[in-house]
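The values are calculated or read from the model by the stated rules, or taken from the named source; none is laboratory data. Small disclaimer: the values here were computed from a predicted structure and weren't measured. When we count neighbours, we look across all protein chains shown, and the Cβ atoms used for this are built from the backbone with ideal geometry, even at glycine.
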Amino acid sequence: MAHLRKSILIHAPVEKVAAFAGEPKNWAAFWVGLGEPEEQTGDGEVGTVVKHSYLMAGVRFPVTSRVLENITGPEGTRWRGTIEGPLAGEQTWTYARQGDETEVTADIEYTVPGAALGRIADRLIIERMQERALGQTLENLKLLCEAAA
């Protein structure tokens, strides 16, 4: 199982960043490779289920995302969910208050499916691609949240 962890500082209040990022209809706007929701039950709260697709290494995979945790406290928000399908894993997003700004940290554990490995044939290449995609995902989230702030 591969593990990715990246953080970014966003110049916007934690409430706005967490609300934007927690809304499933916004995920495809910032998450690199993620398609628009094909089916959705819920609006981002615990129990929300979203069926969509994820493009990795030129291969489109059907995935289902489930929200397991969405806790807001005085210091920020912690969001946790699973990814089901050929790309299986778990992700935890932490939105920490840093004055008037927000530090976003994404922790993602996932498995690389055999179909993708068969086409690329090198797990390290896929992991590097995913690491870059997560970095760009955080940059996209930053741009969208700062523009709205």
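Can you name every residue in segment 102-128 that is surrounded by 17 or more Cβ atoms within 10 Å (Cβ to Cβ) and either modelled with pLDDT of 95 or more or acidic (Asp, Glu) (or both)?
Thr102, Val104, Ala106, Ile108
Across segment 78-95, what is the total count of residues that are closer than 22 Å to Leu144 by Cβ and either of a type in the set (Asp, Glu) or buried (at least 17 other Cβ atoms within 10 Å of the Cβ) (or both)?
Summing the residues that are closer than 22 Å to Leu144 by Cβ and either of a type in the set (Asp, Glu) or buried (at least 17 other Cβ atoms within 10 Å of the Cβ) (or both) in segment 78-95 gives 9.
Looking at the structure I just gave you, is Arg78 under 24 Å from Ser7 (Cα atoms), among the basic types (Lys, Arg) and outside any loop (DSSP other than H, G, I, E, B)?
Spelling it out, Arg78 is indeed under 24 Å from Ser7 (Cα atoms), among the basic types (Lys, Arg) and outside any loop (DSSP other than H, G, I, E, B).
So how many residues does segment 129-149 have that are of a type in the set (S, T, N, Q) and over 15 Å from Asp107 (Cβ atoms)?
Number satisfying all stated conditions: 2.
Scan segment 1-44 for residues that are at pLDDT below 95 and more than 17 Å from Thr137 (Cα to Cα) and jot them down.
Of everything in segment 1-44, those that are at pLDDT below 95 and more than 17 Å from Thr137 (Cα to Cα) turn out to be Met1, Ala2, Asp43, Gly44.
Check off (1) surrounded by fewer than 16 Cβ atoms within 10 Å (Cβ to Cβ); (2) closer than 26 Å to Met129 by Cβ for Tyr54 and give me the number that stays unchecked.
Only one criterion in (1) surrounded by fewer than 16 Cβ atoms within 10 Å (Cβ to Cβ); (2) closer than 26 Å to Met129 by Cβ is unmet by Tyr54, namely (1).
Can you name the number of the only condition in (1) modelled with pLDDT of 95 or more; (2) under 20 Å from Lys25 (Cα atoms); (3) not hydroxyl-bearing (Ser, Thr, Tyr) that Ala149 fails?
(1)
Scan segment 7-27 residue by residue and report those that are in a strand (DSSP E or B) and surrounded by 15 or more Cβ atoms within 10 Å (Cβ to Cβ).
If the condition is that a residue be in a strand (DSSP E or B) and surrounded by 15 or more Cβ atoms within 10 Å (Cβ to Cβ), then Ile8, Ile10 are the ones that fit.
I need the full set of residues from segment 60-77 which are of a type in the set (A, V, I, L, M, F, W, C), surrounded by 16 or more Cβ atoms within 10 Å (Cβ to Cβ) and over 14 Å from the mean Cα position of the chain (by Cα), in order please.
Phe61
Taking into account only those residues within segment 75-97 that are hydroxyl-bearing (Ser, Thr, Tyr) and free of Cβ contacts under 8 Å to residues at least 60 places away in the same chain, which is nearest to Tyr110 (Cα to Cα)?
By that ranking, first place goes to Thr82.
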